[in-house]
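Have a look at the structure below before the remarks.
The values are calculated or read from the model by the stated rules, or taken from the named source; none is laboratory data. The structure presented is a predicted model; accordingly, all values stated were derived computationally and were not measured. In this analysis, Cβ positions are derived from the backbone assuming ideal geometry, glycine residues included, and neighbour counts consider all displayed protein chains.
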């Protein structure tokens, strides 16, 4: 049995002019013997991640395992912060990522090289139960070697989809944004749905969205409340901040409007 806490909430969106937000989900799993992180985020999340670990009474050196869904920067680069952890990543994913030349894509070449040479790294095969009660399943499309992780050690199963299904929109539509192989992504989403429906109450934790359960009608229902926003300095001092609330669902609520407030 694992206690599961989502330390960092993924966000289902992109910046309009500044590329990917890189706001991905980080989950902490704890048992009597292990403290596991599922994905570890990008540079920008380091301080919030440190704070969340502290809130949960976990030090970086307490982490026994870092489990990576795929090699993109927003999920992988912070593995270096957990020096005592075994790092798990798909065998095919790492082979593919390590063979890529530098290019304008989300692969962090230097960190991939570090992963490929680090003796702590274990390469996971699809179908392998590499940790107690946790099985890796092949879910290509977003990247060739993406994995999803199916946790059956708990009374309520949990599926960690990474970016094989980044958000609710991809799950419902059956199509993935930013996929290297759209047909493979659709097949991976079908696999996720099959797993999700197989046991009522199963929780799905995606790479860039809130956790979800299926309701009585079989539709994804969010578990928890979204928190996301940006503060900007458009004025002439640091005391006036324009805040943009990015937590709202535009299908259900009016679009958020900037709120100007003074900080003391």
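Quick notes on this structure:
- For beta carbons closer than 7 Å, sequence separation of 6+ or different chains, a first residue in the stretch 201-224 that is free of Cβ contacts under 8 Å to residues at least 12 places away in the same chain and a second that is outside any strand (DSSP E or B), the qualifying pairs are 221/215.
- Number of the exception - residue 246 against (1) surrounded by fewer than 15 Cβ atoms within 10 Å (Cβ to Cβ); (2) modelled with pLDDT under 95: (1)
- Tally of residues being out of contact with any helix residue (DSSP H, G or I) (no Cβ under 6 Å at 6 or more places or on another chain) and buried (at least 22 other Cβ atoms within 10 Å of the Cβ) across the stretch 172-181: 0
Quick grid of which residues meet (1) buried (at least 23 other Cβ atoms within 10 Å of the Cβ); (2) on the phi < 0 side of the Ramachandran plot; (3) modelled with pLDDT under 95:
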{"site": "123", "(1), (2), (3)": "no, yes, no"}
{"site": "127", "(1), (2), (3)": "no, no, no"}
{"site": "147", "(1), (2), (3)": "yes, yes, no"}
{"site": "164", "(1), (2), (3)": "yes, yes, no"}
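- Residue match in the stretch 142-157 (condition: in contact with a helix residue (DSSP H, G or I) (Cβ under 7 Å, 6 or more places away or on another chain) and within 19 Å of residue 13 (Cα to Cα)): yes
- The stretch 135-158, residues that are free of Cβ contacts under 8 Å to residues at least 60 places away in the same chain and within 15 Å of residue 70 (Cβ to Cβ): 136, 137, 138, 139, 140, 141, 144
- Residue identified as under 20 Å from the mean Cα position of the chain (by Cα), crowded, with 17+ Cβ neighbours inside 10 Å and at pLDDT 95 or above among 105, 39, 5: 39
- Some residue of the stretch 200-213 being surrounded by fewer than 17 Cβ atoms within 10 Å (Cβ to Cβ), in contact with a strand residue (DSSP E or B) (Cβ under 7 Å, 6 or more places away or on another chain) and farther than 26 Å from residue 145 by Cβ: yes
- Remark: residue 130 falls outside the filter, which requires a residue to be touching a strand residue (DSSP E or B) at 6+ places or on another chain (Cβ under 8 Å), in a helix (DSSP H, G or I) and closer than 24 Å to residue 32 by Cα.
- Only one of 74, 62 that is within 18 Å of residue 41 (Cβ to Cβ), free of Cβ contacts under 8 Å to residues at least 60 places away in the same chain and surrounded by fewer than 16 Cβ atoms within 10 Å (Cβ to Cβ): 62
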